[in-house]
Amino acid sequence: MSEQKINPLVKTGLELGPIIAFFAAYLMLKDRVFTFGGTEYDGFIVVTAGFIPVFLLAMGILWWLTGHLSRMQVVTAVLIIVFGGMSVWFNDPRFFKMKPTIIYLIFAGVLGAGLLRGQSWLQYVMDGMMPLTHEGWMILTRRLAAFFFGLAILNELVWRLMSEETWVYFKTFGLTAAIFVFFMAQGKLFREHGTQDEES
């Protein structure tokens, strides 16, 4: 099924809506304790349990509207089910907090494997979005692989050494902002290795 175009605001809402809902629900329930089946669960675990179906529903709607989900979205969905489910099942928030670490290590590893083969697998995924020369793609891929590896380490440091609330703020805003800043900082690379002017 070919990908269908939808309103960018709808797409962004479906991608970011569950994360914002998680953050808002956490702020409301973080200090509460709930008892289910004789077992006590703190607010973080309850919010995590609610986040899983909300995220999957949003991805299902996105797939229904566009007929397509990226590999990144599919991997993220699987890891949310696995690590979020383990956090709820074992009543242990550490599993869910490790999820970003695993995601970023996977992305860094995949990009690194492509680089070892002399290829930019990032180009395969994003070629239509950013027209670059082969050299440009290789440089960007090396930088992004190192960046993802750094984010994985940073996530481990934050959730292990700081408070749960700090990690929630970091996960909701810090990681998103870091990715935005990373791509904004690549302006010189895009100018020097862009192919748009050559093709026009």
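Taken together, the values in this text are just the output of simple stated rules run on the coordinates, not laboratory data. Predicted model only: the values in this text are computed from it and were never measured. When we count neighbours, we look across all protein chains shown, and the Cβ atoms used for this are built from the backbone with ideal geometry, even at glycine.
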Seminar exercise, completed: Charge dipole of region 114-200 built from unit charges on the beta carbon (Lys, Arg +1; Asp, Glu -1), centred at mean Cα; most positive-end Cα among M162, G174, L189 is M162
Exercise. If you average the sequence gap of Cα pairs under 8 Å that are 6 or more apart and divide by the length of region 1-73, what percent do you get for the contact order?
Worked result: 43 percent
Problem set entry | Listed residue (W89, I20, T101) projecting farthest to the positive dipole end of the chain, Cβ model | W89
Exercise. Using every alpha carbon pair in region 19-152, what percent of pairs falls into each 5 Å bin from 0 up to the bin containing the largest distance?
Worked result: 2, 10, 15, 17, 15, 14, 11, 8, 4, 3, 1, 0, 0
For this session: Quick one: which residues, 5 or more positions from L132 or on another chain, have an amide H under 5 Å from its amide H? H modelled 1.01 Å from N in the peptide plane, none for Pro or chain starts.
Result: T195
Exercise. GNM on the chain, C-alpha springs below 10 Å: top fluctuator among I20, I102, I80?
Worked result: I20
Seminar exercise, completed: So the FRET efficiency between L57 and I102, C-beta based with R0 = 25 Å and rounded to 0.05, is 0.65
For this session: Starting from the eigenvalues of the Cα gyration tensor, five times each then square-rooted, give me the equivalent ellipsoid semi-axes of region 93-192, largest first, whole Å.
Result: 28, 15, 10
Exercise. For K11 and E165 in the same chain, what is the full-extension length gain: residue separation times 0.36 nm, less their Cα-Cα distance, in nm?
Worked result: 52.7 nm
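What order do you get for V47, V125 when you list them from fewest to most C-beta neighbours inside 10 Å?
Numbers: V47 23, V125 14.
With the fewest neighbours first, V47, V125 line up as V125, V47.
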For this session: Just list whichever of K5/K97; K11/K171; K30/K99; K99/K171 have alpha carbons separated by over 22 Å in the model shown.
Result: K5/K97
For this session: Return a whole-number percent for the relative contact order of the chain, with Cα pairs under 8 Å and 6 or more residues apart as the contact set.
Result: 18 percent
For this session: For the chain, with a Gaussian network of springs between Cα atoms less than 10 Å apart, report the residue from E40, E164, E15 with the top mean-square fluctuation.
Result: E40
For this session: Please give the helix 134-161 orientation as an angle from the longest Cα principal axis of the chain, in degrees from 0 to 90, rounded to the nearest 10.
Result: 20 degrees
Problem set entry | Debye log10 I(q)/I(0) for region 83-141, one point scatterer per Cα, at q = 0.14, 0.21, 0.30 Å⁻¹ | -0.53, -0.75, -1.13
Exercise. To the nearest 10 degrees, how steeply does helix 43-66 sit against the main Cα axis of the chain, on a 0 to 90 scale?
Worked result: 40 degrees
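Counting other beta carbons within 10 Å of each residue's own, what order do M86, M98 fall into, fewest first? Can you show the working numbers first?
On the way: M86 16, M98 19.
Final ranking by Cβ density, sparse to dense: M86, M98.
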For this session: Convert 20 °C to kelvin, take the viscosity as 1.002 mPa s, use the Kirkwood radius over C-alpha pairs of region 125-166 as Rh, and evaluate the Stokes-Einstein diffusion coefficient in µm²/s, rounded to a whole number.
Result: 173 µm²/s
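Calculated from DSSP H runs of 4 or more alone, at -39500 (n - 2.57) each and per residue, what is the 222 nm mean residue ellipticity of the chain, nearest 500? Spell out each step's value before the answer.
Numbers: 11 runs with 145 residues, N = 200.
Calculated mean residue ellipticity at 222 nm is -23000 deg cm²/dmol.
Once you have the Kirkwood Rh of region 20-85 from its Cα pairs, apply Stokes-Einstein at 25 °C and 0.890 mPa s and quote D in µm²/s.
Details: Rh = 13.1 Å.
Once the numbers are plugged in, D ends up at 187 µm²/s.
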Exercise. Relative contact order of region 93-192: what whole-number percent is it, with Cα pairs under 8 angstrom and at least 6 residues apart?
Worked result: 34 percent
Seminar exercise, completed: Among G112, G84, G38, the residue with the largest mean-square fluctuation in a Gaussian network model of the chain built from Cα contacts under 10 Å is G38
